[in-house]
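As structure tokens, the structure follows; a few thoughts come after it.
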Amino acid sequence: MEQGAARERATERPSPPFGDAAHAPEDATRTADGAARVPEQARGAGEPPRGADRRAESARGEHTHCESDASGIAPVPASRVVRHSVRGQILDALRTALVGGELVPGEVYSAPALGERFGVSATPVREAMQRLAVEGAVEVVPNRGFRVTERTPRELAELAEVRALIEVPVMLRLARTVPAARWAGLRPIAEATSTAAARGDRAHYAEADRAFHRAVLSLAGNEQLLAVADDLHRRSQWPLISAPAVRHGVLVADAAEHTALLDALIAQDLPVVEALVREHFTGSNA
């Protein structure tokens, strides 16, 4: 994370000169306005003129240095890409902190304070928090920061109901059509949830659990389904108001349901598939 922050700060320093003058070879001549002109032989035989190079690069969507294209719009600076990478890392870290209970429901957290904690500026933290606000994990508190949303058992039950309405029919359909070998190939992903559960690692278990459900639902070949199901799944993992720590035995039992589900899918035992999926949603917030 500290390396990501260093790259972000580095992009904020003044950039070196751009354009032909900064890169002209020694045998270049100067025009009346001071621009460098490279002789034809310096470019190499058979090379097109610089203007042709740029037109070809523009047609391919490429840019050299930071020069504006014919429309007068400059290319996106590299610092924007680095910032996006840092924001993504911070977003992942904040989601882990939410699931792990480090960010407490009802508490207000400021972007500068969290930025100091992660070793970055407040900007990527604020951007990540705004994303979490769109997802409903936090709410904006003007002039203070972001408050972690306080969720109730009723909200969790509603999420479980919606997930069941979406995923149960899909899994039943897949159980009828997907070959046993495809289901067997998902065992390593199921085993990853068991490993995290055995360690009592709630945050990593939540990540592995989402990965398992994505892998199963991906066999339906519906990207919109994956996006909706993953959003509901993530929201179901946020902590409740004054929720007690998840017991180790609960995580282990939830992880075991993944293996049992694969066994039922391989056997095309539809009643067991439906029962396991519904129990998995309602029996825990995994």
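The values are calculated or read from the model by the stated rules, or taken from the named source; none is laboratory data. All figures in this text were calculated on a predicted structure; none of them were measured in a lab. Here the Cβ positions follow ideal geometry from the backbone for every residue, glycine too, while neighbour counts run over all protein chains shown. We work out accessible area using only protein heavy atoms, side chains counted, and drop any ligands, DNA or RNA first. Shrake-Rupley method; radii C 1.70, N 1.55, O 1.52, S 1.80 Å.
Numbers below:
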| item | result |
| --- | --- |
| Candidate set: region 226-245, residues that are in contact with a helix residue (DSSP H, G or I) (Cβ under 9 Å, 6 or more places away or on another chain) and at pLDDT 90 or above; chosen: the one nearest to Glu135 (Cα to Cα) | Asp231 |
| Counted residues, region 86-113 - those being open to solvent by 10 Å² or more (accessible area, probe 1.4 Å), farther than 17 Å from Ala203 by Cα, modelled with pLDDT of 90 or more and in a helix (DSSP H, G or I) | 2 |
| Hits in region 205-223 (condition: over 25 Å from Leu98 (Cα atoms) and open to solvent by 40 Å² or more (accessible area, probe 1.4 Å)) | Ser218, Leu219, Gly221, Asn222, Glu223 |
| Selection from region 162-188 of residues that are closer than 18 Å to Arg234 by Cα and without any contact (Cβ under 8 Å) to a residue 60 or more places away in the chain | Leu165 |
| Helices (runs of 4 or more DSSP H) enclosed by region 122-222 - at least 2 residues per element that are within 23 Å of the chain's Cα centre (by Cα), at pLDDT below 95 and of a type in the set (Gly, Ala, Ser) | 122-135, 187-199, 202-218 |
| Selected residue (criterion: nearest to Glu158 (Cα to Cα)) from residues of region 188-204 that are surrounded by 15 or more Cβ atoms within 10 Å (Cβ to Cβ) and of a type in the set (A, V, I, L, M) | Ala203 |
| Unmet criterion (only one of (1) aliphatic (A, V, I, L, M); (2) over 22 Å from Asp254 (Cα atoms); (3) touching a helix residue (DSSP H, G or I) at 6+ places or on another chain (Cβ under 7 Å)) for Ala133 | (3) |
| Region 254-286 - residue that is at pLDDT below 90 and of a type in the set (A, V, I, L, M, F, W, C) and, of those, farthest from the chain's Cα centre (by Cα) | Phe281 |
| Of all residues in region 128-151 being open to solvent by less than 50 Å² (accessible area, probe 1.4 Å) and out of contact with any strand residue (DSSP E or B) (no Cβ under 9 Å at 6 or more places or on another chain), the one that is farthest from Gln89 (Cα to Cα) | Arg151 |
